[in-house]
1. Would any residue of region 86-101 have its amide N under 11 Å from a label point 7 Å out along Cα→Cβ of residue 21? List them or say none.
2. I want the local charge near residue 47. Using Cβ-Cβ distances under 14 Å, sum +1 for each Lys or Arg and -1 for each Asp or Glu among the other residues.
3. For residue 108, what is the net charge nearby, where nearby means another residue's Cβ is under 9 Å from its Cβ and Lys, Arg count +1, Asp, Glu -1?
4. In bins 10 Å wide, starting from 0, what share of all Cα pairs of the chain does each bin hold, as a percent?
5. Just to confirm a number: summing +1 for Lys and Arg and -1 for Asp and Glu over residues other than residue 87 whose beta-carbon lies under 15 angstrom from that of residue 87, what do you get?
6. What does the highest-first list of 14-25, 33-44 look like by mean Cβ count within 10 Å?
7. For the chain, which whole percent of the accessible surface, found with a 1.4 angstrom probe, sits on carbon and sulfur atoms?
8. Per residue, how many Å² of accessible area does the chain show with a 1.4 Å probe?
Amino acid sequence: PFFWPPREGAERFSVAVRRLVRKGVFVQPYTNGVSWDQETPTWEAEGRPDAIMEHDGTRIGHQYNIYMPSALSVMCGSAPHFHARVRGLMKELRGAGLPGVYMDQVGGCTVRACWDPAHPHAPGGGKVITDGYRRLFRAIKADNPGFCVSTEDTPEAYVDIVDSCINLWQNGERFGMPAQPEAETVPAFMAVYH
């Protein structure tokens, strides 16, 4: 949630968005809905305490591409600093005239465990992370009436609270997995929740 303001400045961005919206374009920018960049100055004070902790005490951190060499950590559902920043960003995006936002990874990366004993939830599994992100979605909707929020994947944990889901079937090679020619993709989620 650290990209605001946009490179060209908030005013020029808003003018472009309003022009697109007037032409009937639904503008939905991408934002990462679960990650805190470990290279930001706020990582130690705010990001690290909010990040998911593995059973062995480590924090999850992934470098997603060669263009962004820093690791991004997945935030717990009980991440007060992260959720406050995301809510602030959503207000900025709404104020720029955007009708909605795509929050990547919430639908696909928040059904997991967090073992941080300092967090206000029982260590381990359950649905504490999902519950926290459901609270975040509700807060975003309350802060921004009529604002559309979408996420990725087939998130039955969120299907009643988001406005849409971006569902793509990626190939396994993209993730370094071998091809599975014997596997058949059955689009059941898309058929049920179209």
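1. Residues 93-100 qualify, since their backbone N sits under 11 Å from the label point.
2. Values: positive: 48, 59, 85; negative: 37, 39, 44, 46, 50, 116.
Combined, the nearby Lys, Arg, Asp and Glu give -3.
3. Details: positive: none; negative: 104, 152, 153.
Net local charge, residue 108 excluded: -3.
4. 8, 31, 36, 20, 4, 0
5. +3
6. 33-44, 14-25
7. That fraction is 56 percent.
8. 57
The values are calculated or read from the model by the stated rules, or taken from the named source; none is laboratory data. Everything numeric here is computed off the predicted structure, so don't read it as measured data. All Cβ positions, glycine included, derive from the backbone under ideal geometry; neighbour counts span all protein chains shown. Surface accessibility is based on the protein's heavy atoms, side chains included, excluding ligands, DNA and RNA. Shrake-Rupley method; radii C 1.70, N 1.55, O 1.52, S 1.80 Å.
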